[in-house]
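Report on the structure given below.
Derivation of every value follows stated rules applied to the coordinates shown; laboratory data play no part. Bear in mind the structure is a predicted one, so any value in this text is a computation, not a measurement. Please note: Cβ atoms are built from the backbone with ideal geometry, for glycine as well, and neighbour counts cover all protein chains shown.
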Amino acid sequence: MLPRVKIEFANGALGQVAVSPDGVFGLLTTAAPVNEKLELLKSYVVKSMDDVTNTLGVTEANNPGLHKVLTEFYNTAGDGTELWLRCFAETVTLTEMATLATTNGIRNLLQDANGRLRGVFIHRTPASGYSATIAGGLDGDVATAIAAAQLTADWSSETLKAPIFIMVAGLYYTGDPIELTDLTTGNQNRLGVMIGDTVSGNGCAIGILAGRLAKMPVQRNIGRVKDGAVITLTSAYLGNIKAELADAGSVHDKGYITFRMHTGRSGYYFTDDPLATLPTDDYNHLTARRTVDKAYRLAYGAMLNELLEEIPVSDEGKVSVSFAKGLETLAENAVINSMTVNGELGNDPENQNDTGVECLVDTNQNIVATGFLKVGLRVKPYGYARYINVELGFKTISQ
């Protein structure tokens, strides 16, 4: 071999991590099949309206409902946003789409995506002549879909180890918030319902909600004013009533996501991001749900490598201190490198030691006797200024 100088590139010093697909969602909805292009009961991945039109053959003429929801999604999220799509016949209900046992349904979408989805949005454009049975101020199909969707989301978290939230379209809103079922008395903390559309009638602009969430970090509230209006060029409606004339406050108080206006600002904003559960539930808002679900995935990935690992123990069969500290550092670093560094946790900027995450492994547990290793992991959320009170008065010279 000739004398030479060889320089090798070192790797891994920067500690970079792969971008987390926090905004990768699924959409279940109804549609008409398109010959040799869009098939029902098949999972597709689209990233732009060009994919929707050219690859799937979906147009406003052959699928007005599907075209509308996807157009509103990409107008909000932007081209390049990954969306998993699965379509059903127009006769299929929200409940059937949300039910885990439905043949070729949501289970198939979740399995096809192999844990990639962070949320699923369920919407439908009923067939011509459909007559809704109103219950709780909405199509009765919504209430049964809520219960089915929570079970599906729980299954995804517990069985697939891929936690998700599910949003259901609040179709056929009567316009009277008094009639609405109060979601704040429920216990579906992975489930939300949206009311509101860009046209008057019985629909729901759930594509706008999905699009807003797709481009936001997990800790960001969809109603954040600094991010601007979600609807600027058209009107927003709650049922048949324009949003500025509707009682959006009462709809919000019942636990629904909907549209509102702010005095002095043009366009329409989301009211907030509630989920269908008690106000005392730690996960009663999407911000909390998405934040803790991301931490779950990171912790699961870190802990999976330790499955069936040899653990050094004391004479009493308890976990060694050095191993416990190493595992705590492993779990915390997984969260720090993917969340703290991106500003997704509510750590105190005035405290350099506050990373927003804390892990604790109890060294008193007897791992030899039980085989169980209990790890405590906590992440710190942000606070949100939902109510701002300003005391205003005159300032006199003496003051």
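Prolate is the label for the range 205-270, because a/c, from the alpha-carbon gyration tensor with a ≥ b ≥ c as root eigenvalues, is 1.5 or above and a/b exceeds b/c.
Using Cβ counts within 10 Å as a stand-in for footprinting exposure, how do Ile122, Ile311 rank, fewest first? Show your work: numbers first, answer last.
Values: Ile122 26, Ile311 15.
Least to most surrounded, the residues fall as Ile311, Ile122.
Give, rounded to the nearest 20 debye, the magnitude of the charge dipole that the range 248-342 has about its Cα centre when Lys and Arg contribute +1 at Cβ and Asp and Glu contribute -1 at Cβ.
Using Cβ point charges on Lys, Arg, Asp and Glu, the range 248-342 gives about 700 debye.
Quick one: which of 154-166, 21-33, 241-253 comes out on top by average Cβ neighbours within 10 Å, and what's the full order, highest first? Please list the in-between numbers first.
On the way: 154-166: 18.9, 21-33: 21.5, 241-253: 17.2.
Ranked by mean Cβ neighbours within 10 Å, highest first: 21-33, 154-166, 241-253.
Among Leu117, His67, Thr234, which residue has its Cα furthest toward the positive end of the charge dipole of the range 25-289, with +1 on Lys/Arg Cβ and -1 on Asp/Glu Cβ? Selected residue: Leu117. Each peptide in 319-325, 195-201 gets a packing score, the mean of other Cβ atoms within 10 Å over its residues, and the list from highest to lowest is 195-201, 319-325.
Counting only DSSP beta bridges with both residues in the chain, the antiparallel share comes to about 55 percent.
Which of Val321, Gly207, Ala149 sits farthest toward the positive end of the charge dipole of the chain, with +1 on the Cβ of Lys and Arg and -1 on the Cβ of Asp and Glu? The residue sitting most towards the positive pole is Gly207. Hydrophobic long helices, here whole DSSP H runs in the chain with Kyte-Doolittle means of at least 0.0 and Cα atoms spread over 24 Å or more along the helix axis, are found at 140-158, 321-338. With N counted as the residues of the range 39-193, its alpha-carbon radius of gyration over 2.2 N^0.38 Å works out to 1.05.
Taking the Cα centre of the chain as origin and charging only Cβ (+1 Lys, Arg; -1 Asp, Glu), how large is the dipole, in debye to the nearest 20? Please list the in-between numbers first.
Working: 33 positive and 44 negative charges, 150 e Å.
Using Cβ point charges on Lys, Arg, Asp and Glu, the chain gives about 720 debye.
Among Cys359, Cys204, what is the fewest-to-most ranking by other Cβ atoms within 10 Å? Walk me through the numbers before you get to the answer.
Numbers: Cys359 22, Cys204 29.
In increasing order of surrounding Cβ atoms, one gets Cys359, Cys204.
The chymotrypsin sites (Phe, Trp or Tyr not before Pro) of the range 334-399 that meet both conditions, a loop assignment by DSSP and at most 13 other Cβ atoms within 10 Å of the site Cβ, are Phe372, Tyr387, Phe394.
Projecting the Cα atoms of Thr287, His252, Thr340 onto the charge dipole of the range 232-352 (Cβ charges, centred on the Cα centre) puts His252 farthest toward the positive pole.
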